[in-house]
Structures are given as structure tokens and as C-alpha cells.
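Notes follow once the structure below has been shown.
The values are calculated or read from the model by the stated rules, or taken from the named source; none is laboratory data. Just so it is clear, the model here is predicted, and its values are computed rather than measured. Ideal geometry is used to build each Cβ from the backbone, glycine not excepted, and the neighbour counts take in all protein chains shown. Ligands, DNA and RNA are excluded from the accessible area calculation, which covers all protein heavy atoms including side chains. Shrake-Rupley method; radii C 1.70, N 1.55, O 1.52, S 1.80 Å.
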Amino acid sequence: MNRIFTFLILSCVVLFAAGAIEGEIAKQDLNMSAIVMFLIFVGGTLGITYWAAKRTKSAKDFYTAGGGITGFQNGMAIAGDYMSAASFLGISGLVYLKGYDGLIYSIGFLVGWPIILFMIAEPLRNLGKYTFADVASYRLRQTPIRTLAASGSIATVILYLIAQMVGSGKLIQLLFGLEYEIAVILVGVLMILYVTFGGMLATTWVQIIKAFLLLSGATFMAVAVMAHYDFNFGALFSHATELKGIEIMSPGGLVSDPISAISLAVALMFGTAGLPHILMRFFTVSDAKEARKSVFYATGFIGYFYILTFIIGFGAIVMVFQNPQYLDLAKQAIDGGSPILGGNNMAAIHLSHAVGGDFFLGFISAVAFATILAVVSGLTLAGASAISHDLYASVIKKGNVDSLKEMKVSKIATVVLGIVAIIMGIMFEKQNIAFVVGLAFAIAASANFPILFLSMYWKKLTTRGAVIGGSLGLATAILLVILGPIVWVQILGNAEAIFPYKYPALFSVTVAFVGIWFFSITDSSHNAEEEREAFEAQFIRSQTGIGAEGASEH
Amino acid sequence: MNKELVEKIKNDPNYQELVSKRNGFAVKLSIAMLVVYFTFILTIAFNPSALGTPISADSVTTIGIPIGIAVIIFAFILTGIYTKRANSEFDDLNNKIKNSIKDN
């Protein structure tokens, strides 16, 4: 296996180098320091993957890194999962474009974390093993619950992957002059390598390193911007409003009506608590205490990061906007205005050049690229474990499968998901990536979260209620997304949206909760009676951790 | 977990104290977070210009900016408060429960 791995690394590096040369022909201002730092990161992380591959011997190692990650490390890794390309490039791009609206968006992304800590983290750790479906199906019937939970996970993962792939394509395209499609394929291939060979251990360390680099880089950028204005926010803001108008300092069109506002809030709060790649991270720590610490550290890192993103967005307004160096002349000739190269999501990347020159541009580009790789790896691992642990091992094989076979299925699933991600990334090139993440959150909030939450706290939940209510939530979320303004109008080209709101969560989460409640309380089957009786023992374990999965011995 | 053990833990006063204290605390903190956030987001929805008020007459900085940053810091502080109490008080109670079942 090691030989295959070495071969894959080499071919990948060759592919990368070949791409870089091609880029040099297409673009004259090729940035050597960026390429060197890209290659160092890729080399380093593949080294970690090689190290992790030797330590990944069982399904438990593959899914949870053996359960021995500390709370601090996991907090960093969770923050890493959350500080995705969509957060870094998308939110700084949104601040650059609309000012204050970007802050509203990032606050929404943050406030789900305390709720996760108070309600979800400890019971999740105490009840589960590899996936959140372990918890949802703890006292309910395995086959239907796992099938549904896995569908919700896979849908969330694929949507989230699209956002990441689009970001990666644009970023590498901008930096190397590579074709968008080739860039997306490159990310897909590297991600498949990390996950199939290194499993959760490699994915976690790639995530930790990237989180550290991203926080350092973003801190430097924010400090550089502020230093320019003698650390006077008022001066930064007044310069920005001179360029973009006073309206960037107030709430704009992001949440124009109360329904959209509440719906966005519901999607972001409950969605965070239903993201499979985030939930999976809680199984990598040894117990509930470490799970708790993970969220504390993660919330701190993420909050700090969003404050930086806000400064970075404003920094881009004053240093990138209308700066001829970053102007997309071809686009300006057609559309007018002051479009920047690569679109608004590249605002942070251009700012890195404005404050730190070619070298720092190289660093931030490499970090942004690392971010995408790390996040897609975590996502793919979560998607693959839903396929292998929930669908294959529990539903198809009814639990009669050995750990190695299950791990093999995960790896096959990883490759398939990687290919799907590449195809979807190419299809969704023109969408605003921050909104695509919003859609993923709607599904996580409507399908995954209600089942998980009620299975932990509501005694009367039955399989029938969870399956019917959860399916209704999932179907409503998907249907309303399709009928909403983004897919129905922007993608399918219809004149007017059938469902007028961009964020369907308020409606779909309500449907899910009401559906689960109604079909549970009206369930008078013998099975339902047993499920209610089993609640007490489950609740004790969820509260105390007695009987919970521990860390592996080695 | 067998029936006997379930009954034993259920009747353990430490367990009852842990569950009521922790869940009560968790619910209070959750409500605090929800109230703060929904006040923020609904202010934007119903009265967006409220957050667009400048902090002083000659400033372009709006009160929405320090308020937004404060919401972020508030969320972090809440996680800190919960983690601190859970790591000491709740874990002590939990250890008592775990020790009591070891004795049998």
C-alpha cells in the first residue's frame, strides 16, 4: 500500500507542477512564492497523511482518530472545519461588497455554538460512536433511522462540498491561471488522498495546522490594515464610506423582512448543530469533558476569526476597491463599475497582496487553498462514514461486518464522493458560495437536527415519528430550495420564484418538528412502547457517560 | 445498562441534582443566547435604521458595529461560563454517581 501511496504523491506533485507551468504561460505575473508555499503545504500534509496511514488500522481509527484527540486540538479542528473557504473568502467578500451585512451573516454562523455546547455536545459524545446516526438510532429501529440520517448527511455534505469546490476553483484559477475545471479536479484528487489513506487522524491534523495558519494570516492582515489607520476604527470606516457610500455601515438587503431574518437565524443556529462533519468531531475526543472544552475553544477561535474577517472586508474596501492593480478590466469594459479580478470572493486574497506584497499573497493563497483541502476532507470523511457506517454496515449488513471491510467501503465511498464533488464544483461555478452554504445549513437544520435533538431529550419519540417527520423536513427543505429564488430563478432561469424566501429553514424546521411530534404521539404500536421505555437508560447514559465509548487503547 | 442499575442511578440524589442543575443551567444559558440573537436579528428585520445610528454626530461608525461585536463576545463568554461550571461542579456530581455504582 505504501508503494501505491508514494506513486500517488509523486503523480500528484507532477500534475501540480505541470499545472503551474501551464499557468505561467497563461499569466505573466506568476507568483513563485505562492507556488512554493502551495507545494510545501501539499508536501507537508501528504507527509502527515503517510504518518497517519500507518496508524490507521481499524474502523475506529479511520472514523475518529482512535478517540484520543484533546479538547484543545479538537476545538482547533472544529474551528478549522468551520472557518471554511466560504467563511474566509465568502464572508470577507460579503463585507467587501455590502459592509455591515457581512457581520450579520457571520454572527448567525457563530451563535449556534453555545447552543451546541449546552444541548448537544455531551449527550452526543456519551451516546455515539462514529456518526450522529448512532445517537439518533440509539433506541429506535436501526434501518429506517440510519437510512434517513445518512440521506440528510449526504445531502448536507454534497451541498457544502459544492461551496468549497467553487472557492477552490476560483482561487487556484486566479493564482495559477489554471483552468477552473483543472483546479477543481486537483483539489478533489488531493482530498481523496488525504481521506482514503490518512482517515480522521490525517484530516484532523491537516485541519489543526490549517486553522493555525489561517488565524495567523488573518491576524496579520487585520493588524496591517489597522496599523495603516493608527488602529483607529473610525478612520478606517470613514475612508471606506468615502469610497462605497454610507450605507455599508448599516444593515442592507441581506435580511430585508422578518420572515427571512428568522428563517436565516433558524438555519444557521440549528444547521450548525446538524452538520455531520462537525458532529463527527465530537467522537474524536475521549469523553464529555473534552467535548465541552472543544466547543469552548472552537467558539473562541471562530468568534475571533469573524471579527478579523470583518476588518479584512473593510480593509479590502479601502485598499482593493478601485485600485487599478486589482481591477478586472475585461469585465469593467462590459459591465462597468469596479469589478475586481476573480470576483468579490477574492477580496481577501487581493488585500493580502496590498498589505504584504507577493510573498504574503503567496502565503494567504496557500492558506486559503489549505483551508479548502482540509474542509473538503472533513466533509468527505463525514459523507463516507454515513455511507459505510450507517448505510453499508448497519442497514445493508445489519451490523454483521468486520471493521476492515467497513473501512474499505468508506474508502470506496470517499473516492465516489470526491468525484461527485468535482462534477458538482464544475456545475456550480457561477454561484455565490456563501449562499450555497446557507442551503446546506437549511437541510442540516431541517432533517438532521430535529431527529438528533428529540432523540436525546424527548421520551415519546418513536421510529415512525422520526422517520416521517424527518423525511418531511428534508423534503420540504429541498423542495423550497428548488422553488426558491436561487435555484428556480438564478439557475433554472425562471422569471419569478414560486417560494419567495432565500432561506427555507423556518418552514422546513417547523414541518419537521410538528411532523415528528404528531407521528410519534399517535404511534400506538408495540415497538413504540418499547422505544419509550428504553429512553430512561439512554438518558442516564447521555447525562453521565456511564457505558460511553472510550478512547482506543493504543 | 440493566433495569436494576437504571433504577439505582435514577434514585441517586446526586443524579437528580446533576440532571436538574445542569439542564436548568443549560436551558437558561440557551435562552440568554436566543434572546440576544433574536433581538439583534429582529431589530435588523423590523427597524434596520436603528442599528444604522451613528455612535456620535461626527462619526460614520454606527452603533450596529459595537453591538454586533458584542454579540460575538457574548456567545464566547456564555460557553466559558458553562464549561467552567460543568468542569467543576457537574463533573464532581457525575464522579460521585460513577463511584457509587462501582461500590456494588
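General remarks:
- Largest-first principal axis extents of the Cα set of the stretch A:2-431 (Å): 66, 50, 36
- Whole-Å distance, taken between Cα centres, linking the stretch A:178-219 and the stretch B:47-89: 33 Å
- When A:Trp517, A:Trp51, A:Trp458, A:Trp113 are compared by accessible surface with a 1.4 Å probe, the order from highest to lowest is A:Trp517, A:Trp51, A:Trp458, A:Trp113.
- Given R0 = 25 Å, the distance between the Cβ atoms of A:Lys331 and A:Val489 translates into a calculated FRET efficiency of 0.65.
- With the whole protein complex present, A:Phe518 retains an accessible surface near 100 Å², based on a 1.4 Å probe.
- When shorter helices are ignored and each DSSP H run of at least 4 residues is given -39500 (n - 2.57), the per-residue value for chain A at 222 nm works out to -24000 deg cm²/dmol.
- Sorting A:Lys331, A:Lys398, A:Lys60 by accessible area puts them as A:Lys398, A:Lys331, A:Lys60; the probe is 1.4 Å, largest comes first, and only protein heavy atoms count.
- Pairs exceeding 24 Å between alpha-carbon atoms, taken from A:Lys293/B:Lys102; A:Lys289/B:Lys10; A:Lys459/B:Lys96; A:Lys293/B:Lys96; A:Lys293/B:Lys28: A:Lys293/B:Lys102; A:Lys459/B:Lys96.
- Extending 7 Å from Cα along the Cβ direction at A:Thr522 and again at A:Glu429 yields two label points whose distance is 4.9 nm.
- Distance between the stretch A:60-74 and the stretch A:230-256 - C-alpha centres, whole angstrom: 42 Å
- Three-way shape call for the stretch A:128-180 based on the alpha-carbon gyration tensor, with the a/c threshold at 1.5: prolate
- Accessible area in the full protein assembly, largest first, 1.4 Å probe, for B:Glu7, A:Glu290: B:Glu7, A:Glu290
- Note on A:Lys210: aspartates and glutamates with a C-alpha under 13 Å away, same-chain residues under 8 apart excluded, are A:Asp81.
- Here r is the Cβ-Cβ distance between B:Leu5 and B:Ser59 and R0 is 41 Å; the resulting FRET efficiency, rounded to 0.05, is 0.05.
- Exercise: per-residue mean of other protein chain Cβ atoms within 10 Å, B:66-75: 6
- For A:Ala368, net neighbour charge (Lys/Arg +1, Asp/Glu -1) across residues whose Cβ lies under 14 Å away: +2
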